[in-house]
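Some notes on the structure that comes next.
The values are calculated or read from the model by the stated rules, or taken from the named source; none is laboratory data. As the structure is a prediction and not an experimental result, all values here were calculated from the model. FYI the Cβ positions are ideal-geometry reconstructions off the backbone, even for glycines, and counts take in every protein chain you see.
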Amino acid sequence: MAKATSFLLFLHLLEAASGFSGYPIGSHRRQGRQRHFSSTRNDNNANEIFVVNWEGCIADTVDWRIRDALEVAATTWPEADDCLDRDDQIWLENKLAALAHVLTATNEDFSVVCEYALAARLLLEEQELDGGRSNGKTGKYASKYHPQQKTEMSRGRGSRPLTVGEVSANWRQGGMLRDALQVRYHCDYKDPMPVLQKNVERLRAKQDSMVPRLTDEGIPEILNACPQKLIITVDHASDLNIAATTLKATELKFRIVEDVAEAFESKNEAALLIRRRETLAQIMQHAPEKSTTFVIDSSWTTLQDSIDLFGDNIPRFGSVGKSNVPHKNLSLQLASWARNTHPSQHAAATMNAWTGLVEYTDFIEMLSARVTSN
């Protein structure tokens, strides 16, 4: 009994000394981030740069990507289009949407639409090999991820289609499924990626004015209220004009820039920029001293690749830390509201010492310096 009392007293003293009173990790980080915001905004010498990815953070691109991917896949592989019933394709759209968090472009030469198209080709072939056995099923999974129109089952054993979880776990890791598909679905024994990209560009040239919807109706107000430097990035040149169209609808003052140096020339306008592998490092170099660059992104892969910019430093409160550029801070945040993210990535971003998970209400506070109630 005495030992238990001593241990409880020790915990009480430890909490009092550290200021920690049992808040969950997310709440503790959020408080630290708010302390950082309040301290920097009261410092006249402080500067903040916000680097926000258009994909997922500003525009909900998932359905738009899927629509384009099905057209591109049909053009590239006509035999795949023969496997799809256009009147019963919601199952395919549901599967692609569930895989959106792994369908990220890692090569600057190719749009993410190419990734969606490659996945669509796989899912169509898997369903064809099923021979109609899963069609019309009413289970929680099958009713969402399999065709609902019953067809005559083919003879033979057939094979069960890969599940969303199996494809997700093995897309780039594990079974390296994506790399195998790039070889399997060749175009006349050549890499299909350049062909897919050419078909994406052809689609963009003749496409109607349909653009992705914003992630939230409050996005225009949030963007226009940002008093600090705002840089909006897109992942590929083929998305630039579409992104500009969505931003014009918000009445945001911005201009399309060629490079990072040009993005910092105007203090009164936001900048729309194609993100390259070295873009964030260049932003850190151009940022003024004693500044903090906040990166809000929907790509967990991109954030992981950016961790090296912290050097040997580990962020403290609110995932804000010293970068490898002297006198400049950095924060890497995964956007929780982006549809092309996944709860597993949210957990990874929260537990990673160099990254954080930003909620939509925090995003509003960050950009507009306005406190919102939860």
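Side notes on the structure shown:
- Cβ-Cβ contacts under 7 Å between residues 6 or more apart (or on different chains), taken from a first residue in region 163-183 that is at negative phi to a second residue that is of a type outside the set (D, E, K, R) and outside any helix (DSSP H, G or I), are listed as Val164/Leu99; Val167/Leu99; Ser168/Leu99; Ser168/Val102; Trp171/Val102; Arg172/Val102; Leu177/Trp171; Arg178/Trp171.
- Note on region 134-161: among residues that are surrounded by 18 or more Cβ atoms within 10 Å (Cβ to Cβ) and in a loop (DSSP other than H, G, I, E, B), the one that is modelled with the highest pLDDT is Pro161.
- Top-ranked residue in region 316-350 [being of a type in the set (S, T, N, Q) and over 26 Å from Glu93 (Cα atoms); ranked as nearest to the chain's Cα centre (by Cα)]: Gln333
- Residues satisfying the stated conditions in region 225-258, i.e. in a loop (DSSP other than H, G, I, E, B) and among the β-branched types (Val, Ile, Thr): Thr250, Val257
- Matching residues in region 306-337 - criterion: being at pLDDT below 95 and among the acidic types (Asp, Glu): Asp312
- For region 68-87, residues that are surrounded by fewer than 20 Cβ atoms within 10 Å (Cβ to Cβ) and in contact (Cβ under 8 Å) with a residue 60 or more places away in the chain total 4.
- Matching residues in region 71-80 - criterion: being aliphatic (A, V, I, L, M) and either closer than 17 Å to Phe110 by Cβ or touching a Lys or Arg at 6+ places or on another chain (Cβ under 9 Å) (or both): Val72, Ala73, Ala80
- Exclusive hit being surrounded by 22 or more Cβ atoms within 10 Å (Cβ to Cβ) and within 21 Å of the chain's Cα centre (by Cα), set Ile274, Ile307, Ile296: Ile296
- Residue within region 246-269 that is under 21 Å from Trp64 (Cβ atoms) and of a type in the set (S, T, N, Q) present: yes
- The single condition among (1) closer than 27 Å to Thr355 by Cα; (2) buried (at least 17 other Cβ atoms within 10 Å of the Cβ) that Thr246 does not meet is (1).
- Applying the set (1) crowded, with 20+ Cβ neighbours inside 10 Å; (2) not in a helix (DSSP H, G or I) to Ile222 leaves exactly one unmet item: (2).
- Matching helices (runs of 4 or more DSSP H) fully within region 259-374 where at least 2 residues are acidic (Asp, Glu) and in contact (Cβ under 8 Å) with a residue 60 or more places away in the chain: 360-368
- Qualifying residues in region 344-374 (those that are among the hydroxyl-bearing types (Ser, Thr, Tyr) and farther than 20 Å from Phe310 by Cα) - the one modelled with the lowest pLDDT: Ser373
- Count of residues meeting criterion [of a type outside the set (A, V, I, L, M), part of a helix (DSSP H, G or I) and more than 18 Å from Leu123 (Cβ to Cβ)] in region 170-198: 3
- The residue that is surrounded by the fewest Cβ atoms within 10 Å (Cβ to Cβ), counting only those in region 250-271 that are among the aliphatic types (A, V, I, L, M) and in contact with a strand residue (DSSP E or B) (Cβ under 8 Å, 6 or more places away or on another chain), is Ile256.
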